[in-house]
Structures are given as C-alpha cells and as structure tokens.
1. If you go through segment A:82-94 one residue at a time, do you hit one that is at the interface with chain B (Cβ under 8 Å from one of its Cβ atoms), in contact with a strand residue (DSSP E or B) (Cβ under 9 Å, 6 or more places away or on another chain) and either of a type outside the set (A, V, I, L, M, F, W, C) or without any contact (Cβ under 8 Å) to a residue 12 or more places away in the chain (or both)?
2. Identify the residue in segment A:97-113 that is among the charged types (D, E, K, R) and farther than 20 Å from A:SER87 by Cβ and, among all such residues, is modelled with the lowest pLDDT.
3. Test each condition in (1) more than 30 Å from A:LYS9 (Cβ to Cβ); (2) buried (at least 20 other Cβ atoms within 10 Å of the Cβ); (3) in contact (Cβ under 8 Å) with a residue 60 or more places away in the chain for B:VAL109 and report the one that comes out false.
Amino acid sequence: NAGVTQTPKFRVLKTGQSMTLLCAQDMNHEYMYWYRQDPGMGLRLIHYSVGEGTTAKGEVPDGYNVSRLKKQNFLLGLESAAPSQTSVYFCATQLTGGEVYEQYFGPGTRLTVT
Amino acid sequence: DAKTTQPNSMESNEEEPVHLPCNHSTISGTDYIHWYRQLPSQGPEYVIHGLTSNVNNRMASLAIAEDRKSSTLILHRATLRDAAVYYCILRRYNQGGKLIFGQGTELSVKP
C-alpha cells in the first residue's frame, strides 16, 4: 500500500506559468483535502472534496482550482502562478466525513514561484 | 471555529515524560480534541483524539480537563524521533472534516 502519494515532489515555476499537482490514494477514502504550509506556519486548507465529482472551497481557495474526476485522485491546479503561491502543498485523505476520523497526509510538494 | 492556544516551544530530555498543554476555553460540547504532529520535512501525522474521557494509544495519552477547557498530550518516554511540531486541533461536527491548524508547539528532545 502506497497510502497517499503526491506528484511532483519539487517544482520551480516562473510567474504566470500553470501547473497541476496530483494527489493519489489507494485507501478508498471518500474525503480528500489540499493544504498549503508557508514557512513557520500551520497548514491552511485550500479546497477539499467529499466524494468523486465534488469539490468545495476551504480557507484560502483564491488562485487555485481542483478536480476529483476519479475517487482515488485529487488534482490541484494553478492557472497563473504568483510568488505568493510559493509554499509546501500537502494532500490528505479521510475515510469519510465526521470529526472522529483521522486524516492521512502525503509527503508534500515544494513549489517555488519566481 | 473554536481556537486553541499552545506554547510556541518546549524542551525535553530523552527518555523522560513530556506534557504538552493546550487551552481551548471556547470549546463547544460537540467538539473533538485532536492532536497531530509534524516531523521535519514531512506531512502531519495523527497522534490521538478524544471528546471527554482520557484516552491512551500506542503513541501517547490525552488527558482532558473536566470542564474541557484544556487538554494535555502526554508522551510517556520521549525519544529523539519525537522532536516535531505538535498541533492541538478542535474538530466540529458537520464541518467537512477539515482540520484548522494553529502554529503548534515545537518540541525539541535533548539526548
């Protein structure tokens, strides 16, 4: 079992370029999340999905889009990257909704926008 | 969202117990108390959670005050591998399961 994997691990973009981050899970979890973490800070929720074909906004959604076409994959897109989006991006999954279930996190993608 | 307050940093000696405090004075009756930790250069990992009663698992113990306005994560014998940022998080019913992270407590462990 790979758990939660993220692709790529590192990426450098120029301002205005676009890219897609892929999160894949093999645990058959319903819920998936994208967080970002800036230096010295806790994680902040960007978007999340409660099931295949659904997405919802989190705390800091501006500048990002997401899609969940397949249950096992959750994609995070940056259409026009800005230096303020330099961060470490973490994907997480949860079996289903509710406040008792734990979230499983991927290893992160370190993105630098110059 | 209910807020939690944790010390910015704590130090411990290896093989000694560590008590990490968390204040959550605005907790509501249905909020669960969760703890996650983040090792250097890794994603967060779940540690433990509870509602009203004290909880134990293989990683740690969670002691919850009777009025639920504070809690303490207890690592019984700290190891060097326990050096991490520990986050105390309140999770509310019907919020999409999202986690609201504060700044956490950075725990350093001395050999």
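The values are calculated or read from the model by the stated rules, or taken from the named source; none is laboratory data. Quantities reported herein were computed from a predicted structural model and do not represent experimental measurements. Neighbour counts are summed over all protein chains in view; Cβ atoms, including those assigned to glycine, are modelled from backbone coordinates with ideal geometry.
1. Yes: segment A:82-94 contains one or more residues that are at the interface with chain B (Cβ under 8 Å from one of its Cβ atoms), in contact with a strand residue (DSSP E or B) (Cβ under 9 Å, 6 or more places away or on another chain) and either of a type outside the set (A, V, I, L, M, F, W, C) or without any contact (Cβ under 8 Å) to a residue 12 or more places away in the chain (or both).
2. Going through the qualifying residues, I end up with A:GLU99.
3. If we test B:VAL109 against (1) more than 30 Å from A:LYS9 (Cβ to Cβ); (2) buried (at least 20 other Cβ atoms within 10 Å of the Cβ); (3) in contact (Cβ under 8 Å) with a residue 60 or more places away in the chain, just (1) comes out false.
Listed here are the residues, each with its yes/no results for (1) touching a helix residue (DSSP H, G or I) at 6+ places or on another chain (Cβ under 8 Å); (2) closer than 27 Å to A:LYS14 by Cβ; (3) more than 12 Å from chain B (Cβ to nearest Cβ); (4) crowded, with 19+ Cβ neighbours inside 10 Å.
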| site | (1), (2), (3), (4) |
| --- | --- |
| A:GLY51 | no, no, no, no |
| A:LYS70 | no, no, yes, no |
| A:ASN73 | no, yes, yes, no |
| A:THR96 | no, no, no, no |
| A:PHE105 | no, no, no, yes |
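Table: residues versus (1) of a type in the set (Phe, Trp, Tyr); (2) at pLDDT 95 or above; (3) within 30 Å of B:THR30 (Cβ to Cβ); (4) assigned to a strand (DSSP E or B).
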site: A:GLN17; (1), (2), (3), (4): no, yes, no, no
site: A:THR20; (1), (2), (3), (4): no, yes, no, yes
site: A:CYS23; (1), (2), (3), (4): no, yes, yes, yes
site: A:TRP34; (1), (2), (3), (4): yes, yes, yes, yes
site: A:PRO39; (1), (2), (3), (4): no, no, no, no
site: A:GLU59; (1), (2), (3), (4): no, no, yes, no
site: A:VAL66; (1), (2), (3), (4): no, yes, yes, yes
site: A:LYS71; (1), (2), (3), (4): no, yes, yes, no
